[in-house]
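Where a number appears in this text, it was derived from the coordinates with a stated rule and is not lab data. Since we're looking at a predicted model, the values are computed, not measured. So basically every Cβ, Gly included, is an ideal-geometry build from the backbone, and we count neighbours across all protein chains shown.
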There are 4 protein chains.
Amino acid sequence: MLKIKLGMVGGGKDAFIGEVHRMAARLDNRYELVAGALSSNAKRAAQSALEIGIDKRRSYSSYKEMAAKEGKLKSGIDAVAIVTPNHLHADVAKEFLKAGIHIICDKPLTSSLQDAEELAALVKSSGLVFAVTYNYSGYPMVRQAKEMIADGLLGNVRVVQLEYAQDWLATNIEQKGQKQAVWRTDPKQAGRGGAIGDIGTHAFHLAEFITGLRANSLLADLDCFVGARTLDDNANILLHYKNGAKGMLWVSQIASGKENRLQIRIYGDKGGLEWAQEDPNYLHFMPLGESKRLITRSGSGAGPLANAASRIPSGHPEGFIEGFANIYRETADLIEAHRENREYKNLVPDVDDGLRGMRFVDKAVTSNQAGAIWQSLDH
Amino acid sequence: MLKIKLGMVGGGKDAFIGEVHRMAARLDNRYELVAGALSSNAKRAAQSALEIGIDKRRSYSSYKEMAAKEGKLKSGIDAVAIVTPNHLHADVAKEFLKAGIHIICDKPLTSSLQDAEELAALVKSSGLVFAVTYNYSGYPMVRQAKEMIADGLLGNVRVVQLEYAQDWLATNIEQKGQKQAVWRTDPKQAGRGGAIGDIGTHAFHLAEFITGLRANSLLADLDCFVGARTLDDNANILLHYKNGAKGMLWVSQIASGKENRLQIRIYGDKGGLEWAQEDPNYLHFMPLGESKRLITRSGSGAGPLANAASRIPSGHPEGFIEGFANIYRETADLIEAHRENREYKNLVPDVDDGLRGMRFVDKAVTSNQAGAIWQSLDH
Amino acid sequence: MLKIKLGMVGGGKDAFIGEVHRMAARLDNRYELVAGALSSNAKRAAQSALEIGIDKRRSYSSYKEMAAKEGKLKSGIDAVAIVTPNHLHADVAKEFLKAGIHIICDKPLTSSLQDAEELAALVKSSGLVFAVTYNYSGYPMVRQAKEMIADGLLGNVRVVQLEYAQDWLATNIEQKGQKQAVWRTDPKQAGRGGAIGDIGTHAFHLAEFITGLRANSLLADLDCFVGARTLDDNANILLHYKNGAKGMLWVSQIASGKENRLQIRIYGDKGGLEWAQEDPNYLHFMPLGESKRLITRSGSGAGPLANAASRIPSGHPEGFIEGFANIYRETADLIEAHRENREYKNLVPDVDDGLRGMRFVDKAVTSNQAGAIWQSLDH
Amino acid sequence: MLKIKLGMVGGGKDAFIGEVHRMAARLDNRYELVAGALSSNAKRAAQSALEIGIDKRRSYSSYKEMAAKEGKLKSGIDAVAIVTPNHLHADVAKEFLKAGIHIICDKPLTSSLQDAEELAALVKSSGLVFAVTYNYSGYPMVRQAKEMIADGLLGNVRVVQLEYAQDWLATNIEQKGQKQAVWRTDPKQAGRGGAIGDIGTHAFHLAEFITGLRANSLLADLDCFVGARTLDDNANILLHYKNGAKGMLWVSQIASGKENRLQIRIYGDKGGLEWAQEDPNYLHFMPLGESKRLITRSGSGAGPLANAASRIPSGHPEGFIEGFANIYRETADLIEAHRENREYKNLVPDVDDGLRGMRFVDKAVTSNQAGAIWQSLDH
């Protein structure tokens, strides 16, 4: 099997998410990281490249240069992972699309809805693979939930309870220079949304991914609880889904004691399902009128969709990196199908999912600014 | 110690809550149940009285007769427990107030806000003890949470996440004659609120009880998911508290797989607290920046308020009846103080708490009818 | 329904277990506590009687006097609860048996195997009701487990994993005068066993109660980890059951952090079951090759045996007192059947169960003294 | 950083553990898999090599040939991973030691104590790195537990409760040709121990690793519950540690419903610790007389030893592969230190740990055969 040649923009030293992408790319041996513009600081870029093992001739300090050169190299990269702050996603992506290079882009898609719309149009006209790393959709038990709902085990979905709560922004660490916090609380880099963009988009996507439902309106009550912050750090959101289901979404980065509590609970007229990211190998299924079930990853109750996304036997926990790696592995399948000119579709979140996330952010901010009133998500 | 002579209105055979009140009254040996109008059906009333051990001379088929006669008996009842459907609470209460008898009333206080306001005025002018059985406030670890917040362990409260989810109304059992369901889904007996009145009021009270905060506005998105139902069976509610804290409240009686999931989670700038009624002996405390704590009832971390509400050592679980019995025990303290003409105040929910619950129900219905928009709770 | 007139020996002020027996007796309104020898100290006995509401004419400072007088009273007690330290159980019981009074006796049955054998013989010849408060067998989900195994849902039982761990004796509190600790660590009052008698007997009984199996040999490795203690405070025990099943039993009162962790886990060739006393409303069932089940008290998966032992709906937790009260309620049924001269048998642990517990203690100590070698439990 | 050139013996298609080793080796980018004798079947070996991406010139069908040739190649492998059935470990290892190649060997070390002793001597005289993949010692929270005990947070350890329970051998799947089961239940390939060798050695090592204590005697009660099996599938073992601590170890592969339940619980005179492999990111700490703590991986309470073994922030679960990869990463550190002729020691289990595991197996079988009596582990 030919490995996919991968480049990376962003993700230099101390950038948490860059190393996650690299581990995810390595796990299944489908990629080879051969080029990078790991930092806009040339020295930092070079040093990071050295540490990571990228040949210095293919370490760039400008993503434009990288896109241009790699696009022309005989053995240039097939795909690029974009792991910069949000406001750069669109520009970086455009350069690589121009160069005919597939893209794996971190979320949220861009820093504005308009950027997202333009990018989506460009991606479609390019015909290239464009994956958005809504990585939580890669967890096996998320796939299990999706399959069970598609199979009708919950009946008609009535209620969706969503939450994504963290506490790392409970104090104003951005004032103390914590790098991750600085750009995420800066509207110029992050866009209109704070927590709703950074983590809310994950939850919003997850619900649609699992249920197969589309949200058509929302109402958002946003807060900045910490100091001089201007972007939301806590959000209470109501959702209406097209089939009549009702949703609540709590997003917080100031919930003292929560580490990375992404949780989804879904109730239909035949049963309920509950899953939490911090305990990802467990899916709770409550068929109405029967005793409750615990379905474990690779365990007796797991179905084909989940098993296809698992690597090791039940009771041997898989975690965040493995779930993330599923997105990479499946993107590799897409890229190979593209290479072989085969029609192929799988569960990897695409640019439309990314665009939808941006609309969610945009409408939530608009709703809040208007006094927490209802907004359509349809257009 | 002189036992308090107790009467009961409602709570005949097959009425779940009547037997709960009786067990709660018995547990600490502070009451003696000596009279009852256990059913409006005379035969049923008599049979229930016989089974419960109430002397047939003090078994009434009319609460008016009971109030009148017991009020005049030399050894007439000191207090009455009202456990009828909601729409009777006000009328029954008025009769006993007139007779100078203390009242223990189930929630919600009445079936309309107007009734509640009138009743509250009457109670105050009477000077009698009036307890509302928001029984969940009687749990020791609820008291622990209250004490910890009062002691400043959470700092300034920012976020309140509330839920009370059940599934017993997930299908239209009221059409099949399930007695509990019939009156709870009937606006004539239940009032304007369905699930929000039956269980939502518990959650709304619990949050104010624990945090010491007052909600000053709400927005409610109500649904009747099941059949021909006209009262809400699912409610998504946003709350604003006076100190700026924000809340979400999910109330459901159609959440497949949930039995009696009342849960409260509170996050302040110094820490978080989480408690769930189904596992009532555990309180989770997450001081910001430290490892998480599990405080157990009567365990090493429990404080005086919780310990005063506990009966047995840690690891020996107490449950719903014991929590309910705390309300009875503390109401007994109030009645004795009244008897001795002592000023005395404790944590027993009173008629104002009951009135507040009715305002919550009323405003939630109004909000929803207006398209899920904000409503003040202040008046 | 005629209430049973109950007396109590032991259980004065500050005695935890006496109050538990009283609450258990009150909960279902089947008993009336009318007499007591609550303490061997006359003043303390009188004061306790006053507080509890026992008429002073029926408060005794000697259990002999109490047995003699109550046996002759026209309305004397029907039954007596014995809640003294272990070494008094046998003598007290004998007096009341002589007086024709039914007995509810705390565990362990006596302080020596010989006493237990004599008492068992006496009970049988008396024809009276004799209940031993192995109260954990009264929990609804324990009954559920028993029923499921009897119904063959586990197939042939192969493995029994038992533990009962506490930490309240992790330091030498008996040296500081803690009353509960003083007599439990004193061989003169407790007998040959320390933790194995105090709590190990509960676990040993529970396993036989649930599985229906009999242990026929054991090997015990006992320790006194704390100071000058001479009775075991930690015990590692292996068990062989007659059907070939193998067991492990860990008993500890020095396991730092454990409150009252009685836990039983049973594995057969068709499935497994797990239950822990600290979370008594949950029973975990793992049918081999299927997804795991959570059966809740009064929930959809609960069967008739469990439901008969439950008082309130699922999700409304019942606890230790309710489980204990089941033993009292069922003993009331036995006493009434005796009164009416009916043959009747239920699940209340009897004197043979008590005797079996004493044999367990005796053989464990013998095994340990011989260097932790195997001992038969058959004789 | 120069990557370590790695070979592999065993681990062809369908071999679970081979792929685990490969993922573990890849995760941190410290190894390059360049050679293999993946199967003794030449065709299968070639096919596996092709799939994995090993150059066919370096795919061998004989480990002897591989050792000989790779030892002489200028760019031959630095290290070999041995992932064959147990009975081959010793012979394979000897060949590679002769060729001067470092070894990463799966557990148990060999299939007999004698083989293990010989191999240990050989390894020592070779001066080469020899890692045994007791991979569970690589979990961050296991490291945390080790550090906390070393720091005295538990005081003097008194009690060690160990269990490793699975259910995949609850029926005789070896008769149906399940490959993993066939060799594990065959004494010729597995050695004297069944479950105790396959998984018991992990638990035995883990306890010594975490506590720093040495077991000096054991007593084992072994069973073959399934069919014609001759090796143990369930083991109840008592342990004595040199400091006077007492242990219990339950090992089972027939415990219906258990997937991979490795659990360790340790109680000292100052506190207790509990950890379970299926929920590896959580460590429960119960300081005596204080409220219980939950320490999470990378969370506020985690210390340097745990943090050094973590890759991503708290709340982003790491799993089995990451823990396994820590053994690989740390073995890479050992190999580099060896290359640079530096003295260096870390926590990677070595041949002495492997030998100790074999002594555990050998003595357990001897104990059981003698009627479950005590055996010294000292010689």
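Which Cα, out of C:G10, C:P304, C:L294, lies furthest along the positive dipole direction of chain C (beta carbon charges, K/R +1, D/E -1)?
The Cα lying farthest towards the positive end belongs to C:G10.
Evaluate the charge dipole of the range B:307-367 about its Cα centre and quote only its size in Debye, nearest 20, assuming +1 on the Cβ of each Lys and Arg and -1 on the Cβ of each Asp and Glu.
I would put it at about 140 debye.
Treat chain B as a sphere of radius equal to its Kirkwood radius over Cα pairs and apply Stokes-Einstein at 25 °C in a medium of 0.890 mPa s; give the translational diffusion coefficient in µm²/s, rounded to a whole number. Don't skip to the end; give the middle numbers.
Working: Rh = 21.2 Å.
My calculation gives 116 µm²/s for D.
Taking the Cα centre of chain A as origin, work out the dipole magnitude from +1 charges on Lys and Arg Cβ and -1 charges on Asp and Glu Cβ, in debye rounded to 20.
Using only the charged Cβ atoms, the result is roughly 720 debye.
Using helices alone, what [θ] at 222 nm do you get for the protein assembly as shown, with -39,500 (n - 2.57) per DSSP H run of 4 or more residues, divided over all residues and rounded to the nearest 500?
Result for the protein assembly as shown: -11000 deg cm²/dmol, rounded to the nearest 500.
If you take the beta carbon distance between A:D352 and C:N341 as r and set R0 to 60 Å, what does 1/(1 + (r/R0)^6) give as a FRET efficiency, to the nearest 0.05?
It comes out at approximately 0.15.
Using Cα-Cα distances under 8 Å and only pairs 6 or more residues apart, what relative contact order does the range A:22-98 have, in percent?
23 percent
Return the long-range amide H neighbours of B:S111 (sequence gap of 5 or more, or a different chain), with a cut-off of under 5 Å between placed amide H atoms.
For B:S111, whose amide H was placed from the backbone, the distant partners under 5 Å are B:A90.
Collect residues whose amide H, placed 1.01 Å from N in the peptide plane, falls under 5 Å from the amide H of A:R158; neighbours closer than 5 in sequence don't count.
A:Y267, A:G268, A:D269
Along each principal axis of its Cα atoms, how long is the range D:54-140 end to end? Whole angstroms, biggest number first, please.
Cα extents, longest axis first: 34, 31, 24 Å.
Measuring nothing but label to label, 7 Å from Cα along Cα→Cβ, what are B:S376's distances to the other copies in nm, shortest first?
Spelled out, the distances from B:S376's label point are 3.3, 8.7, 8.7 nm.
Rounded, prolate or oblate: which fits the protein assembly as shown when a ≥ b ≥ c are the square roots of the eigenvalues of the alpha-carbon gyration tensor, with rounded for a/c under 1.5 and prolate only if a/b beats b/c?
oblate
Taking B:K176 in one copy and the same position in all the others, each labelled 7 Å out along Cα→Cβ, what are the pairwise distances from the first, in nm, shortest first?
Listed shortest first, these distances are 3.7, 5.7, 5.8 nm.
Around A:A245, with a cut-off of 13 angstrom between Cβ atoms, what is the net charge of the other residues, counting Lys and Arg +1 and Asp and Glu -1?
Local charge sum for A:A245: +1.
Where in the range B:241-276 are there trypsin sites (Lys or Arg not before Pro) that are in a DSSP coil and have at most 12 other Cβ atoms within 10 angstrom of their Cβ?
Working: sites: B:K242, B:K246, B:K258, B:R261, B:R265, B:K270; in loops: B:K242, B:K258, B:K270.
The qualifying sites are B:K242.
Would the range B:47-87 count as rounded, prolate or oblate if I go by the C-alpha gyration tensor, calling it rounded below 1.5 in a/c and otherwise prolate when a/b exceeds b/c, oblate otherwise?
Details: a/c = 1.72, a/b = 1.07, b/c = 1.62.
Verdict is oblate for the range B:47-87.
For the protein assembly as shown, what is the charge dipole size about the Cα centre, in debye to the nearest 20, if Lys and Arg each add +1 at the Cβ and Asp and Glu each add -1 at the Cβ?
Working: 184 positive and 180 negative charges, 1 e Å.
Computed charge dipole of the protein assembly as shown: roughly 0 debye.
With just the Cα atoms defining each centre, how far is the range C:24-93 from the range A:283-359? Give it in Å.
After rounding, the separation between the Cα centres reads 66 Å.
Between A:T110, A:L122, A:V34, whose Cα lies farthest towards the positive end of the dipole of the range A:4-128 when Lys and Arg beta carbons carry +1 and Asp and Glu beta carbons carry -1, centred on the Cα centre?
A:V34
With Rg and the Kirkwood Rh both taken from Cα atoms, where does Rg over Rh land for the range A:269-344? Display every interim value, and only then the final one.
Working: Rg = 15.7 Å, Rh = 14.3 Å.
We get a ratio of 1.09 for the range A:269-344.
Excluding A:Y328 itself, what net charge comes from residues whose Cβ is under 15 Å from its Cβ, given Lys and Arg +1 and Asp and Glu -1?
-2
Is the C-alpha gyration tensor of the range C:1-47 telling us rounded, prolate or oblate? Criteria: a/c under 1.5 is rounded; beyond that, a/b larger than b/c is prolate, otherwise oblate.
Oblate shape, in that a/c is at least 1.5 and b/c is the bigger or equal ratio.
Residue-wise, which Karplus ³J(HN,Hα) couplings in Hz belong to the range C:314-329, taking 6.51 cos²θ - 1.76 cosθ + 1.60, θ = phi - 60°, and x for glycine or proline?
4, x, 9, x, 9, x, 4, 5, 5, x, 4, 4, 4, 5, 5, 4
Would you mind giving the mean number of other chain beta-carbons within 10 Å of the Cβ of each residue in D:309-315, as a whole number?
Details: counts 0, 0, 7, 10, 8, 6, 12.
Across D:309-315, the average partner-chain Cβ count within 10 Å equals 6.
Can you tell me the orientation of helix A:140-150 relative to chain A, as the angle in degrees between its alpha-carbon axis and the longest Cα principal axis, to the nearest 10?
Around 50 degrees separate the two axes.
How tilted is helix B:351-369 with respect to the longest principal axis of chain B? Cα atoms for both, answer in degrees (0 to 90, nearest 10).
Once rounded, the angle reads 60 degrees.
Count the net charge of all other residues whose Cβ sits under 9 Å from the Cβ of A:A131, scoring Lys and Arg as +1 and Asp and Glu as -1.
Working: positive: none; negative: A:E330, A:D350.
Around A:A131, the surrounding residues sum to -2.
Using per-residue counts of other Cβ atoms within 10 Å, averaged over each peptide, order A:174-181, D:35-42 from highest down.
D:35-42, A:174-181
To one decimal in nm, how far is C:G244 from the same spot in the other copies, if labels go 7 Å from Cα toward Cβ? Please give the shortest first.
The answer, with the shortest distance listed first, is 4.2, 5.7, 7.1 nm.
Report the far tail of the P(r) of the range D:109-222, meaning the percent of Cα-Cα pairs longer than 25 Å.
38 percent
If you rotate chain A onto chain D, whose Cβ in A ends up lying nearest the axis, and how many Å away is it?
Residue and rounded Å distance to the axis: A:G319, 2.
Scan around D:I104 for amide H atoms under 5 Å from its own, H built in the peptide plane at 1.01 Å from N, and keep only partners 5 or more places away or cross-chain.
It is D:V80, D:A81, D:I82, D:A131, by chain and number.
Please arrange A:E330, C:E32, B:E259, B:E322 by counting, for each residue, the other beta carbons lying within 10 Å of its beta carbon, fewest first.
C:E32, A:E330, B:E259, B:E322
Can you tell me the order of C:147-159, C:357-369, D:280-292, B:193-205 when each peptide is scored by its average per-residue count of other Cβ atoms within 10 angstrom, highest first?
B:193-205, C:357-369, D:280-292, C:147-159
In the range D:308-359, which chymotrypsin sites (Phe, Trp or Tyr not before Pro) fall in coil by DSSP and have 16 or fewer other Cβ atoms within 10 Å? Let's see the in-between values first.
Numbers: sites: D:F320, D:F324, D:Y328, D:Y344; in loops: D:Y344.
Passing both the DSSP loop test and the Cβ count: D:Y344.
Need one number: convex hull volume per residue for the range D:195-319, Cα atoms only, in Å³.
135 Å³
Once the dipole of chain D is set up with Lys and Arg at +1 and Asp and Glu at -1 on Cβ about the Cα centre, which of D:I54, D:L219, D:Q161 lies farthest towards its positive end?
D:I54
Mean separation of Cα pairs under 8 Å and 6+ residues apart, divided by the residue count of chain B: what relative contact order is that in percent?
Relative contact order, chain B: 19 percent.
Please give the helix D:201-211 orientation as an angle from the longest Cα principal axis of chain D, in degrees from 0 to 90, rounded to the nearest 10.
It works out to around 60 degrees.
Per 5 Å bin, what is the whole-percent P(r) computed from every C-alpha pair distance within the range D:4-128?
Each 5 Å bin holds this share of Cα pairs: 2, 12, 23, 25, 21, 11, 4, 1.
If I model a spin label at A:N156 and C:T230 as a point 7 Å from the Cα along the Cα→Cβ vector, what separation in nanometres do I get?
Each label point lies 7 Å from its Cα, and together they span 7.5 nm.
I need A:I173, A:I321, C:I54 ordered by Cβ neighbour count within 10 Å, fewest first.
Going from least to most buried by this count: A:I173, C:I54, A:I321.
Roughly how crowded by other chains is peptide C:245-256, in terms of the mean Cβ count from those chains within 10 Å of each of its Cβ atoms?
6
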